[in-house]
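Just so it is clear, none of the values below were taken in a lab; they were calculated from the coordinates. Predicted model, so just to flag it, every value in this text is computed and none were measured. Here the Cβ positions follow ideal geometry from the backbone for every residue, glycine too, while neighbour counts run over all protein chains shown.
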Amino acid sequence: MGPGYRGSRPLRPADLLSHKREGRAIAVLTAWDALSAALVEEAGADVILVGDSLAMVVLGHATTLPVTLEEMILHTRAVGRGLRRPIGQRPLIVTDLPFLSYQCGLDDAVAAAGLVLKDSPAAAVKLEGGEPETVAVVDRLVRAGIPVMGHLGLTPQSVHQLGYRRQANDPISQERLRRRALDLQAAGCFSLVLEHVPGPVAAQLSAELEIPVIGIGAGEHCDGQVRVTADLLGLTERQPPFCPPLLNGRQLGVEALRGWVAGLASPPRPAAELSADLSADPTTPAAPATPHC
């Protein structure tokens, strides 16, 4: 039994705190269907995030805003069907709550998050922001028994307000980020994603917070890292500056498929030539003799 053995249960949100205490880096990768989930699981990720980035990566939207709660649940179900390892070796599945599923009141937020846990294999949800209203949502969800991962810094659901710029670049905004992180921890978040903030700021928060800090574009000194799998594989047309692709998957795929298509364009062999090949094949059964009348 290795150090990661969990018996008959998958990784739980509370296990990430143990990872932090033991100094074990936490690997988080996104998935959006059974195929991507199988790849991420086989790669050994601790957490599979069914991120609302699938709105852009899979559904072709320009931002994450249009994806619906129903679509997030649909894709989370597909991710769950892609897992193949024994239950005790499976990663934790966390699903993003999409835009407007938790911003319209506490009851609506509980209903949305509860539906994710009831109707999919997700064991936790992630939501963006640390304003007092969002902290109240986290508190309500946690008291209802729903584990919550927080998300601060660059929050894509606020694209029309913040854009995709790096956040927390000055002392005032850095202190605001720190206070919000502490508020989310106090409200019960089991971990916190920090996106596109200065590395020293993320490192300081990782040291100060008891819960794990998962960085993306936040330097190397967080408790773990999260990446969009399609970006790492080079499948998207453009990757963010903090996520260079590990290989040019898009070009490799196009070239392989182009070769197959080009092969179809070659002129077919004459039927007589094919017949000759068949008659010369010793494994081809001989034709029955023609009866003489």
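If you average the C-alpha positions of the stretch 193-218 and of the stretch 93-127 separately, how far apart do those two centres end up, in angstrom?
24 Å
Just to be sure I understand, if you calculate Rg/Rh (Cα atoms, Kirkwood Rh) for this structure, which of (1) 1.18; (2) 0.94; (3) 0.96 do you get?
For Rg/Rh (Cα atoms, Kirkwood Rh), the calculated option is (1).
Please check: in the Gaussian network model of the chain (C-alpha springs, under 10 Å), which one of Val142, Val28, Val50 has the largest mean-square fluctuation.
Val142
Compute a Gaussian network model of the chain, connecting alpha carbons closer than 10 Å, and tell me which residue from Gly253, Gly44, Gly199 fluctuates the most.
Most flexible of the set in this elastic network: Gly253.
Around Glu71, what is the net charge, scoring Lys/Arg as +1 and Asp/Glu as -1 over all other residues with Cβ under 15 Å from its Cβ?
Local charge sum for Glu71: -4.
Tally Lys and Arg at +1 and Asp and Glu at -1 over the other residues with C-beta under 12 Å from the C-beta of His61: what net charge comes out? Walk me through the intermediate numbers first.
Working: positive: none; negative: Asp52, Glu71.
Result for the local shell: -2.
Given a Förster distance of 25 Å, report the FRET efficiency between Thr63 and Cys104 from their Cβ-Cβ distance, rounded to the nearest 0.05. Kindly include the intermediate steps, with their values, before the conclusion.
Values: r = 19 Å, r/R0 = 0.76.
Working from the Cβ atoms, E equals 0.85.
Please list 222-231, 18-27 highest first by mean number of surrounding beta-carbon atoms within 10 Å per residue. Present the calculation step by step, with values, prior to reporting the outcome.
Numbers: 222-231: 23.0, 18-27: 14.8.
In descending order of packing, they fall as 222-231, 18-27.
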